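I have placed the structure first, in the form of structure tokens, so that the comments after it can refer back to it.
The values are calculated or read from the model by the stated rules, or taken from the named source; none is laboratory data. Source: prediction; values computed, not measured. With ideal geometry, Cβ positions are generated from the backbone for all residues, glycine too; neighbour counts draw on all protein chains shown. The protein model used for the area step is the full one, side chains on, heavy atoms only, and it has no ligands, DNA or RNA in it. Shrake-Rupley method; radii C 1.70, N 1.55, O 1.52, S 1.80 Å.
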Amino acid sequence: MLCLCLYVPVHNSDQVEVEYFESNGLPSELKSLKSLSVLLPSQEFSTYRKWRKKTMKTEESVHDGQLDFEEFVHYLQDHEKDLKLVFKSLDRKIAGQVNANVIVNSLRDLGVHISLQQAERVLQSMDKNGTMTVDWIEWKKSPTLQPAENIPEIILYWKHSTIFDVGENMMVPDEFTSEEHMTGMLWRHLVAGGGAGAVSRTCTAPLDRLKVLMQVHGSHGNNMCIMSGLTQMIKEGGMRSLWRGNGINVIKIAPESALKFMAYEQIKRLMGSSQETLGITERFVAGSLAGVIAQSTIYPMEVLKTRLALRKTSQYKGISDCAKQILKGEGMTAFYKGYVPNMLGIIPYAGIDLAVYETLKNTWLQRYGTDDAYPGVFVLLACGTVSSTCGQLASYPLALVRTRMQAQAAVEGASQVSMTGLFKQIMKTEGPTGLYRGLTPNFLKVIPAVSISYVVYEHIKTTLGVQSR
């Protein structure tokens, strides 16, 4: 039971302190009161206000710490339920108690790493009998505990690959809470993420096409820069030519995202994980395998995107005409050129992106996450931008080789070279910098892509009825 001190206003008298020990209803001696003024410590009142904002559609102003008593009893009941849910999520062995190792393992599953000594200090603040274990009674009576939504909120707030789209869908899929799975909200998140990706990719398509042109045609003899590349595209095909290849790039978002998420969930089950979330290593393995499955399925669309981005005016009538010409002239194998470097690129991209994002997330949570699990827009954007940039930087040479292999038949005079042959050829003729052709427009599109996808994601999510942060 929660023990709180309430102050009852009595007409023409000083406030009378009443101890309230019950959270399942109104005490009989207070049922006749029409109103009750509750004076709360600032930290508890802040928690109450956050609860009220979540549960009430229209937030009314609360003056001088005064609130309706029956509403406050509802808050107490919800508060105790939240504490109970978190205690049960930690007590996976149903032992009725929590120790330091349990806290360390539970936080590690969420990507938050603390030492055993830090966990013991947390327990000491709650442990009343010196056993270094905490049962339910000690847990709910701890004065330092807030409504314990922080653990699922870490998953809820720190979504990454669902929100941010930088044109490459190689990130490890996000985790979703059990509540999001049961209510079907996760599919609304995925739809919102797909819509955000479509808008983001369309807005940054000129830079993406410029990157492809620089990767394929850039060399010492043709030192294409951003302005000359944009000018060349407009001169050859007009303003509309800046968006060549964008149609197929947007179309492939839906099947790729759906396949990747379903594969990720199935791989989690095959790995025998009964936890709501996986550890970092398990997430990386499951996410990389899911990425390989999704990319293998939609890879012909990747080849079509490259060919359409490189096409000249009137070369193809559309996506289907491009596919027919490639199939007729080069055969089915042309749709899987560059497949090997593309699959190899998933490992450094997904691994480094996940590692950097989790490190930044963990650092923020350790320093500022004690008051609120929600990091704020700018922190999310900064973490997403930095981790995506690092992932792209690590996998960029493989992405460049993949693009050149996809384009070999479309470039006049280009010989059919294998992946290792292309690496050797680039190193010999252009040096190490040749492996990073087109990197500048690629990086220039990261910040606008991340920002646009976040804003559009939030708007679509609200429209679909997903509760805002």
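Structural remarks
- Remark: spin-label model distance GLU282-ILE251 equals 3.9 nm, labels positioned 7 Å along the Cα→Cβ axis.
- For GLN266 and GLU179, a Förster radius of 25 Å and the Cβ-Cβ distance give a FRET efficiency of 0.75, rounded to the nearest 0.05.
- Qualifying GluC sites (Glu not before Pro) for region 378-468 [loop in DSSP, other Cβ within 10 Å: at most 10]: GLU412
- Pairs from LYS211/LYS312; LYS317/LYS424; LYS211/LYS428; LYS235/LYS445 whose Cα-Cα separation, in the structure shown, is over 26 Å: LYS317/LYS424
- Whole-Å distance, taken between Cα centres, linking region 162-233 and region 382-410: 11 Å
- Between HIS459 and ARG311, the contour length at 0.36 nm per residue exceeds the Cα-Cα span by 49.8 nm.
- The simple spin-label model puts a point 7 Å past each Cα toward its Cβ; for ASN105 and CYS225 those points are separated by 5.9 nm.
- Of the trypsin sites (Lys or Arg not before Pro) found in region 246-341, the ones in coil according to DSSP and having at most 11 other Cβ atoms within 10 Å of their Cβ are LYS312, LYS317.
- Measuring nothing but protein heavy atoms, the accessible surface of region 152-464 at 1.4 Å probe radius is 65 percent carbon and sulfur.
- Full extension of the chain between GLU236 and ALA258 gives 4.2 nm of extra length, using 0.36 nm per residue less the Cα-Cα distance.
- The modelled label-to-label distance for the pair ALA382/GLU120, using points 7 Å beyond Cα in the direction of Cβ, is 3.4 nm.
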